[in-house]
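Reviewing the structure listed below.
No lab work stands behind these numbers, since they all come straight from the coordinates. Bear in mind the structure is a predicted one, so any value in this text is a computation, not a measurement. Every residue, glycine as well, gets a Cβ built from its backbone with ideal geometry; the counts of neighbours run over all protein chains shown.
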Amino acid sequence: MSPVDATTNVGAGNWKGLGMWAWLLFRIAGIVLVVYLFAHIVVISSARWSGHSTLNSAFTLFDHPLFVLLDLLLVWAVLFHALNGVRIVLMDFGLGIHRHKLVFVACMAVAVISLCFFAFKAFSYIAAHHAGGLGGLV
Amino acid sequence: MTAQVTQTPPQAPPAPAPARGAAAPGGRMRRGVIDGSRGGMWAWLFQRVTAVVLIVGLMTHLIATHIINLGHLSFLNIGDRLGSPFFVIIDVSLLAASIFHGLNGARMVVLDYWLQSVAARRALAIALWLFGSVTFVYGMWALWPWISK
C-alpha cells in the first residue's frame, strides 16, 4: 500500500460496530443542534422584532410538559455530541487511541450521569407544576 | 503516518489518480490528498477551539436555563442574567462559537457527499461565512436590549 492509499483508505471497513454508531449519532445530533440553533436565535430575537409579550408567550408554551420533554431530548443531543466530541479531540491529541472503546464508554458514562441531573429536574418540575404530571400532555 | 510509509511493500501498486478537485500533485501532493477530501487545516483547528468554548459555555447556559431557571424563563429573567458581565461574555461567545461550529459542521457533512470541485467548495465557504456573519450581527441586535441595560 502506497502512502497515498494509506491516506485515502482511512475509513474503509469502519461501517460496523460501536464506532459506526458513535459517528452516526454524532452526525444526527449535530444536524439536529444546528437546526435548533437557528430556531433558537429566531425565537429569542422575537422580543426585538415583535415585543416582550411574544417572547414571554413562547416561554409559557415551552413550560408545557411536552416541550420540557423535548428540551430533555435536546439536552441529550448536546451531551452526546459534546462528550463524543471530547473523545474525538482526545484522539486528535493521540490520547487513548489504544483504548478508544474504553474512552467512548467513559465519555458516555459522563453524558448519562449529567443527563440524570437534567432529567430529575425536568420530571420534578412537571410533577410539581402540572397537575396530573404527564397526564397534562393530553 | 511515518509508520505506514515504512510498512510500504516494495511492489506497491501505483497511486490512484487524485480526486477531482484535489490540489495539483508534485510538491503539494500531501496537501492535495488531505485538503481534497477534508475541509482544511484552519477550519479543523477552529472547530476544536470552538468545541472547547461550547462545552464550557453551553454547560453554563444549560445549567442556568434548564436547572436553575426552569419554569421561570421570561424577558425579565433573561435581563437579570445578562445584567452580569459574566453572562454577557458567555452568551456572546456562545453566539459566535455556535454559529461557526454549527455551520462548519454542516459544511463538513456537505463535503462528505457533494461538491467535488474547488470552486464549488470555495463558493460554499464564502456563502457560509456571509450567512454566519449576518447571523452573528442579527443575534447581537437581538441581545442588545438586554446587554445595553
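Residue separation of A:L25 and A:M108 scaled by 0.36 nm, minus their Cα-Cα distance, works out to 28.7 nm of gained length. Shielding value for B:113-121 is 0, the average number of Cβ atoms from other chains within 10 Å of each residue's Cβ.
With the cut-off at under 18 Å, measuring from each backbone N in the stretch A:67-88 to a point 7 Å along the Cα-to-Cβ line of A:L18 picks out A:80-88. Here B:H72, B:H66 are placed in order of increasing Cβ neighbour count within 10 Å, fewest first, which gives B:H72, B:H66. Electrostatic bookkeeping for B:H101 treats Lys and Arg as +1 and Asp and Glu as -1; over the other residues with beta carbon under 13 Å from its beta carbon, the sum is +2. Legend: mean number of C-beta atoms from other chains within 10 angstrom of residue C-beta atoms, peptide B:66-76, equals 6. When each of the peptides A:26-37, A:78-89, A:59-70 is scored by how many other beta carbons lie within 10 Å of its residues on average, the order from highest to lowest is A:78-89, A:26-37, A:59-70.
With Cα atoms defining each centre, the stretch B:105-149 and the stretch B:57-87 are spaced 26 Å apart in the structure. Taking R0 as 25 Å, what FRET efficiency do you get between A:A127 and A:A39 from their Cβ-Cβ distance, rounded to the nearest 0.05? Efficiency for this residue pair is about 0.35. Here the peptides B:48-61, B:127-140 are ranked by packing, the mean other Cβ count within 10 Å, and the order with the highest first is B:48-61, B:127-140. Taking R0 as 22 Å, what's the FRET efficiency between B:T60 and A:F93 from their Cβ-Cβ distance, rounded to 0.05? Calculated transfer efficiency: 0.35.
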